[in-house]
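Worksheet: the structure to be examined is printed underneath.
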Amino acid sequence: MKTQVAIIGAGPAGLMLGHLLDLCGIDSVIIENRSKEYVIDRVRAGVLEQHVVDLMVRTGIGERLMREGLRHEGVYLAFGGTRRYINFVEHTGKAIWVYGQNEVVRDLIAAREATGRPLHFEAETVVVEGVDSPHPSIRYFHEGETHTLHADFVAGCDGFHGISRPMFPADLLRGFDRVYPFAWLGILAHAAPSSEELVYSLHERGFALFSMRTPQITRLYLQCATDDDIENWPDDRIWSELQMRLSTSDGWKPNEGEIFQKSITPMRSFVAEPMQYKRLFLAGDAAHIVPPTGAKGLNLAVADVRVLAHSLQRYYAGEGEAALAGYSQTCLNRIWKAQRFSWWMTQMLHKQGEGVDFELRRQMAELDYVTSSKAAMTSLAENYVGLDLDVSLPRKV
Ligand code: RFL
Ligand code: PHB
């Protein structure tokens, strides 16, 4: 079997890359080790930057997003029992959208299936070979058989635990990371969101976040210990902790309802440099992880594959290898800024440990400043809605 680009992983990065390449007339095969249901049902991100929304709309996959997505013009930061609003549109002219990663993935799979181009689920990539030659290949198991796929390029869109990053020569790849001493317990509940905007809260008991998925479903997060067990968190304890950490003196509090999903996620910052080794490219979580406080992971994954699709389009248009040389650095410049922002939001909003009264007072002062200085509000807003990405949009033809 032959294709132009072999894509490992059908998360947002791999699926969006396949979609953009299709619009450029470039052939690809997407190989995913999990089932279609698993990939769609995995509960993850919820916030889309304006550039992702624009991309989806202009490339013909934004119809449901426009109908069901929730446009948000700002966020609340809560501390000391009060909520303060930062208006993104006023400070940047841009907004963000709440639309579950599940829905983005569902739309991308539907678009892929409509093209008839290959997307293999439950197909595990085991070996990537020849990436240092013009003829790489990947070997994978699918429906009980081993297949070999020859390609011009391999795109490693296989997440943080994938096999692509370890294929880089050890003396080429450098990893930069930070692990945080806390985790997030996240829930989905059948409860109408009681605020139109997200609420990020710093409380002396720890961080909490109020978000949503639909007009009937609330998404909530609580800071917890890294070694915490979900069994320690019966529903009553979750609600009582959320009410304590989120309720504000203006009478606002989250609505309660039946909890139908809960899980604990560790938090880390990680960047791999470079993101290209000859014919092998990394994109999305395969190359970098951000703590979720800045809502950047999915958005960065989409930004990477926009740069990659654009580079490959130029390559096939006749520019040759030169078109690919800037991929890593173009992505990394923006990734490090998103890393900085995600780290900054995380340190400002989480309780750093026990007996940290100085830190808490300092964080409260920072929140007071960030929600009262026009310059600071503008800085938070322009990072939250997403820094500029200078790549032209392919259009659905
Ligand atoms: P994914 O989504 O992990 O997809 C990688 C895919 O590769 C497959 N795979 C393989 N396939 C074949 N062969 C192999 N050997 C393979 N090894 C792995 C996997 O099964 C999988 O399907 O990575 P991708 O595409 O780079 O997408 C990244 C995003 O999923 C991630 O950054 C976000 O979910 C992060 N994130 C958030 N991002 C945002 O932009 N906004 C948010 O509001 C936001 N909130 C979050 C988040 C992540 C969270 N968790 C659970 C980590 C909230 C949470 C709680
Ligand atoms: C979410 O709705 O899942 C969400 C929102 C904002 C974040 C992280 C996750 O910073």
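The values are calculated or read from the model by the stated rules, or taken from the named source; none is laboratory data. A quick note: this is a predicted structure, and the numbers were derived from the prediction, not measured. Heads up, the Cβs are rebuilt from the backbone with ideal geometry, glycines too, and the neighbour counts pull from every protein chain shown. The protein model used for the area step is the full one, side chains on, heavy atoms only, and it has no ligands, DNA or RNA in it. Shrake-Rupley method; radii C 1.70, N 1.55, O 1.52, S 1.80 Å.
Quick notes on this structure:
- Average projection area in nm² (convex hull over Cα atoms of the stretch 309-397, one quarter of hull surface): 8.7
- Membrane-span-like helices in the chain, defined purely by DSSP H runs whose alpha carbon atoms cover 24 Å or more axially and whose average Kyte-Doolittle hydropathy reaches 0.0, are 297-314.
- Too-long pairs where the Cα-Cα distance tops 21 Å, listed order kept, from Lys94/Lys296; Lys253/Lys374; Lys94/Lys253; Lys36/Lys296; Lys2/Lys278: Lys253/Lys374; Lys94/Lys253; Lys36/Lys296
- Dipole magnitude of the chain, debye to nearest 20 (Cβ charges: Lys/Arg +1, Asp/Glu -1, about Cα centre): 760
- Full extension of the chain between Leu387 and Thr115 yields a length gain of 94.8 nm, computed as 0.36 nm times the residue separation minus the alpha carbon distance.
- Under 14 Å, Cβ to Cβ, from Tyr315 - net charge with Lys/Arg +1 and Asp/Glu -1: -1
- Based on Cα contacts under 8 Å between residues 6+ apart, the chain shows a relative contact order of 22 percent.
- Principal axis dimensions, the stretch 252-315 - Cα atoms, whole angstrom, descending: 53, 22, 22
- Alpha carbon convex hull of the chain, volume per residue in cubic angstrom: 145
- For the stretch 313-397, the solvent-accessible area works out to 54 Å² per residue, with a probe of 1.4 Å and every protein chain left in place.
- Across the stretch 141-279, Cα pairs under 8 Å and at least six residues apart give a relative contact order of 34 percent.
- Rel. contact order, % - alpha carbon contacts under 8 angstrom, at least six apart, the stretch 299-388: 20
- Charges were assigned to the Cβ only: +1 to each Lys and Arg, -1 to each Asp and Glu. The resulting dipole of the stretch 152-207 about its Cα centre is roughly 220 debye.
- Inverting the pair-averaged 1/r between distinct Cα atoms of the stretch 248-379 gives 18.0 Å as its Kirkwood hydrodynamic radius.
- Counting protein heavy atoms only, the stretch 11-149 has 45 percent of its accessible area on carbon and sulfur, 1.4 angstrom probe.
- Largest first, the three principal axis extents of the alpha carbons in the stretch 208-274 are 48, 26, 24 Å in whole numbers.
- Column: log10 I(q)/I(0), Debye, Cα scatterers of the stretch 1-128, q = 0.10, 0.13, 0.14, 0.20 Å⁻¹: -0.40, -0.62, -0.69, -1.12
- The eigenvalues of the Cα gyration tensor, multiplied by 5 and square-rooted, give the stretch 157-292 an equivalent ellipsoid with semi-axes of 36, 15, 13 Å from largest to smallest.
- Summary of packing: across the peptides 362-370, 204-212, 139-147, 284-292, the per-residue average of other C-beta atoms within 10 Å ranks them, highest first, as 284-292, 204-212, 362-370, 139-147.
- The chain - share of DSSP beta bridges that are antiparallel (%, nearest 5): 75
- Scaled against the 2.2 N^0.38 Å expected of a compact globular protein of N residues, the Cα radius of gyration of the stretch 342-382 reads 1.23.
- For the stretch 1-69, the solvent-accessible area with a 1.4 angstrom probe is 35 square angstrom per residue.
- The residues of the stretch 234-303 expose, per residue, 36 Å² of accessible area to a 1.4 Å probe.
- Counting DSSP beta bridges with both ends in the stretch 1-155, the antiparallel % (nearest 5): 70
- For the stretch 196-301, the fraction of 1.4 Å probe accessible surface lying on carbon and sulfur atoms is 47 percent.
- Projecting the Cα atoms of Met348, Thr378, Leu360 onto the dipole axis of the stretch 285-397, where Lys and Arg carry +1 and Asp and Glu carry -1 at the beta carbon, places Thr378 farthest toward the positive end.
- Both radii are taken from the alpha-carbon atoms of the stretch 63-204; with Rh as the Kirkwood radius, Rg/Rh is 1.08.
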